[in-house]
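The values are calculated or read from the model by the stated rules, or taken from the named source; none is laboratory data. Only a predicted model underlies this, so the values are computations on that prediction, with no experimental measurement involved. Please note: Cβ atoms are built from the backbone with ideal geometry, for glycine as well, and neighbour counts cover all protein chains shown. Ligands, DNA and RNA are stripped out before the accessible areas are found, and what is left, the full protein with its side chains, is counted by its heavy atoms. Shrake-Rupley method; radii C 1.70, N 1.55, O 1.52, S 1.80 Å.
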Amino acid sequence: MSDGGKGGQGRGGQRGDGQGPVGIDELLDRVREDYERVGPDEAAAAAAEGALLVDIRYAALREKDGLIPGALIIERNELEWRLDPQGSHRAPQAVSHDLRVVVICNEGYASSLAVASLRQLGLHRATDLTGGFQAWRAAGLPVTL
């Protein structure tokens, strides 16, 4: 089956100007245009107001650096299945598409791509933490080891 001369690139991997694939920096810029990211203090305030903090870091990083108290741990490869309010494998916290979600990775890169995916599922209030867990810790916010 032919890929239409796209060299295996899907539509999402093409530049908007038709000039070929985008790099990761451009992709991050594009997905971040669609929502407002939050800093550590804003994330903590959102959690205090009922937002769900979701830590997508892998186990080795959590063991090495610690946890954010109250954050739901969902590794990146399970995120969409666990947060889709219509999904059969959803977490108990995934009750509505209106849920405010703050996704946290280690440094704030993978979380942006995760937010783009969650927004495609209809979680229109999903955002991520600029600087990730490292920014949270550097801001002196609570971490448990």
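Scanning the stretch 117-145 for residues that are under 19 Å from G39 (Cβ atoms) and either of a type in the set (D, E) or assigned to a helix (DSSP H, G or I) (or both) yields a count of 8. When each of L79, L141 is tested for being surrounded by fewer than 17 Cβ atoms within 10 Å (Cβ to Cβ), in contact (Cβ under 8 Å) with a residue 24 or more places away in the chain, in contact with a helix residue (DSSP H, G or I) (Cβ under 6 Å, 6 or more places away or on another chain) and on the phi < 0 side of the Ramachandran plot, the lone residue that passes is L141.
As a summary of the residue check, R57 satisfies the conditions (1) touching a residue at least 40 places away in the same chain (Cβ under 8 Å); (2) closer than 23 Å to R137 by Cα; (3) in contact with a Ser or Thr (Cβ under 9 Å, 6 or more places away or on another chain) except for the one numbered (3). Among the residues of the stretch 118-137, is there at least one that is within 19 Å of A43 (Cβ to Cβ), open to solvent by less than 30 Å² (accessible area, probe 1.4 Å) and among the hydroxyl-bearing types (S, T, Y)? Yes, the stretch 118-137 contains at least one residue that is within 19 Å of A43 (Cβ to Cβ), open to solvent by less than 30 Å² (accessible area, probe 1.4 Å) and among the hydroxyl-bearing types (S, T, Y). Of all residues assigned to the stretch 54-70, at least one qualifies as being in a strand (DSSP E or B) and surrounded by fewer than 18 Cβ atoms within 10 Å (Cβ to Cβ). The residue list A114, A91, A46 contains one member that is outside any helix (DSSP H, G or I) and either over 22 Å from L145 (Cα atoms) or of a type in the set (K, R) (or both), which is A91.
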